[in-house]
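Just below is one structure, and these are the notes that go with it.
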């Protein structure tokens, strides 16, 4: 499936496009889970390359044309179709130039107490969450050219 960093990471001014592309990633994750027992693999690729769609976004230069050539995305796409990638599923790849990046989710427990106890107070949960904020991952920006 083809998505975009606008949906996987976010990009200012592209709420509708980003939401649609994020939906593709969510759809892929569910299809990957459903397809596993049948050996069906599903991944999402967020390509960045010079094209008619991006010509207004990227500076026109010989260097950009070389650096962001569409054929530099193709090898990752082709590899995902090989037997070597037969068990690669449910993954998000960002591909630009000669770089392929795996974008993955993580889950960090911010606050926890015995579930047999009463609920957190608003103040106590707020303090626990605030105390964890320094270790939160930094917000990502789309890949730079």
Tally up the residues in the range 21-52 that are assigned to a helix (DSSP H, G or I) and either in contact with a strand residue (DSSP E or B) (Cβ under 9 Å, 6 or more places away or on another chain) or closer than 23 Å to residue 76 by Cα (or both), please. 15
When every residue in the range 53-83 that is touching a residue at least 60 places away in the same chain (Cβ under 8 Å) and part of a loop (DSSP other than H, G, I, E, B) is compared, the one nearest to residue 41 (Cα to Cα) is 68
Only one of (1) on the phi > 0 side of the Ramachandran plot; (2) surrounded by 11 or more Cβ atoms within 10 Å (Cβ to Cβ) fails for residue 39. Which number is that? (2)
Flagged in the range 84-104 as within 11 Å of residue 44 (Cα to Cα) and either surrounded by 17 or more Cβ atoms within 10 Å (Cβ to Cβ) or out of contact with any helix residue (DSSP H, G or I) (no Cβ under 9 Å at 6 or more places or on another chain) (or both), in numbering order, are 89, 90, 91, 92, 93, 94, 95, 102
Go through the range 53-74 and give me each residue that's within 28 Å of residue 36 (Cβ to Cβ) and either modelled with pLDDT of 95 or more or touching a helix residue (DSSP H, G or I) at 6+ places or on another chain (Cβ under 9 Å) (or both). none
Quick one: residue 50 ticks every box in (1) closer than 23 Å to residue 6 by Cβ; (2) at pLDDT 90 or above; (3) touching a helix residue (DSSP H, G or I) at 6+ places or on another chain (Cβ under 7 Å) bar one, so which box is it? (2)
Looking at the range 57-77, is at least one residue under 14 Å from residue 4 (Cβ atoms) and either more than 19 Å from the chain's Cα centre (by Cα) or surrounded by fewer than 15 Cβ atoms within 10 Å (Cβ to Cβ) (or both)? yes
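Kindly evaluate residue 13 against the criterion of being modelled with pLDDT under 90 and either surrounded by 11 or more Cβ atoms within 10 Å (Cβ to Cβ) or farther than 16 Å from residue 92 by Cβ (or both).
Yes: the conditions hold for residue 13.
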Could we say that residue 44 is modelled with pLDDT of 95 or more and either on the phi > 0 side of the Ramachandran plot or in contact with a helix residue (DSSP H, G or I) (Cβ under 6 Å, 6 or more places away or on another chain) (or both) here? yes
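The values are calculated or read from the model by the stated rules, or taken from the named source; none is laboratory data. None of these values were measured; they are calculated from a predicted model. Cβ sites come from the backbone with ideal geometry, for glycine too, and all protein chains shown count toward neighbours.
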